[in-house]
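Just below is one structure, and these are the notes that go with it.
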Amino acid sequence: MTGHDDSDSFDDGWDMSAALVDGVWVDRSPRRPVVEPQARREAAVMPWLAPLLPLPVPVPRIVSEEPLVLRHAYLPGLACPGDSAAHGQAVGRFLRALHSVDPDEAVRHGARDGAASYAEAKGVRDRMAHDVLPLLPRSVRDDGAALLERMAVPPPDPRLVHGDLGPQHILVLGEEVTGVIDWGDCCVGDPALDLAWTRYGAGPAFAAALEASYSPSEALLARGRDWHLLGPWHEVLYGLDTDQPSYVESGLGGVTTRLAAASSHHDTA
């Protein structure tokens, strides 16, 4: 088993704290009690899911109940810079496999089902409308309201998704993708969510290679773009929930920048 290298990326998340143990294991614990159910779902579904995927993923087991601690083998790698066609191609193949998994079978193995995922997403959007939308500059507030309205339409074909597929959760060494981590948000939901960063946040070479190997429909790409626009809204909510104004400020900046850019692109298209 390969141990931790000082050049590897190792970081905590918003929901789970993480610690390296003996250079070869990662112990993760929920930061808040509300996160415990998703941690338990992760421990239930990943042993079944891992063999179905073409890239390495953590396979956690519960090693402590009080406090709850999940342990899995350390996966080496740096956060994906999003500029490599080879990485994009590998992630595109990975997403094709993930989104081809039988969603009903995934639920039977512990994944959160589509109805629960949609109800939770609706609750988050309602909070965004109430708590985030009024904080936006007037110049983008109508665009923000329209985005929330579009995202209220349920996905036509819910699939098993990673749910938080950003650069910190895709590990790479050289031109190889060495792992996809942090599966706490995995659920049956909108497959376009996994395209938010991989298609619209990554660089052009990565995004083009991902699109070529994944072959998404135009409708799926449009929803992926909207999920990308929605991303910084979560940062605002996190800042509000944890009383960290810096996250509120940076999140609002991200929301404004993305909505303004999308509006400008639409006007010139």
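The values are calculated or read from the model by the stated rules, or taken from the named source; none is laboratory data. Remember, predicted model here, so these are calculated numbers, not experimental data. Heads up, the Cβs are rebuilt from the backbone with ideal geometry, glycines too, and the neighbour counts pull from every protein chain shown. For the accessible areas, the whole protein counts, side chains as well, though only heavy atoms, and no ligand, DNA or RNA atoms are used. Shrake-Rupley method; radii C 1.70, N 1.55, O 1.52, S 1.80 Å.
What ranking of T256, T198 comes out by heavy-atom accessible area, probe 1.4 Å, highest first?
Numbers: T256 35, T198 0 Å².
If we order T256, T198 from most to least accessible, we get T256, T198.
In segment 22-131, which GluC sites (Glu not before Pro) are in a loop and have at most 10 other Cβ atoms within 10 Å, using DSSP for the loop call? Spell out each step's value before the answer.
Numbers: sites: E42, E65, E105, E120; in loops: none.
Here no GluC sites (Glu not before Pro) fit, given the DSSP loop and packing criteria.
Hand me the trypsin sites (Lys or Arg not before Pro) from segment 22-88 located in a DSSP loop with no more than 14 other Cβ atoms within 10 Å, in residue order please. Could you put the intermediate results ahead of the total?
Working: sites: R28, R31, R40, R41, R61, R71; in loops: R31.
Loop-located and lightly packed - R31.
So which GluC sites (Glu not before Pro) in segment 160-269 pass both tests, a DSSP loop state and at most 15 other Cβ atoms within 10 Å of the Cβ?
Listed in order of number, the matching sites are E175.
Give the carbon-plus-sulfur fraction of the accessible surface of the chain in %, rounded to a whole number; probe 1.4 Å, heavy atoms of protein chains only.
Values: 6900 of 12810 Å².
Summing carbon and sulfur atoms, their accessible area is 54 percent of the total for the chain.
In degrees, nearest 10, range 0 to 90: what is the angle between the Cα axis of helix 36-49 and the longest Cα principal axis of the chain?
Tilt relative to the chain: about 70 degrees.
How big is the dipole moment of the chain about its Cα centre under a simple scheme where the beta carbon of each Lys and Arg is +1, that of each Asp and Glu is -1, and everything else is neutral? Debye, nearest 20, please.
Numbers: 22 positive and 39 negative charges, 112 e Å.
Magnitude of the dipole: close to 540 debye.
In degrees between 0 and 90, to the nearest 10, how far off the longest principal axis of the chain does helix 85-100 point, with axes built from Cα atoms?
Helix 85-100 sits roughly 90 degrees off the main axis of the chain.
On a 0 to 90 degree scale, rounded to 10, what angle separates helix 138-151 from the longest Cα axis of the chain?
60 degrees
Contour minus end-to-end for E105 and E66, with contour as 0.36 nm per residue of separation and end-to-end as the Cα-Cα distance? Write out the running numbers ahead of the final one.
Numbers: separation 39, 0.36 × 39 = 14.04 nm, distance 3.01 nm.
Answer, rounded to one decimal: 11.0 nm.
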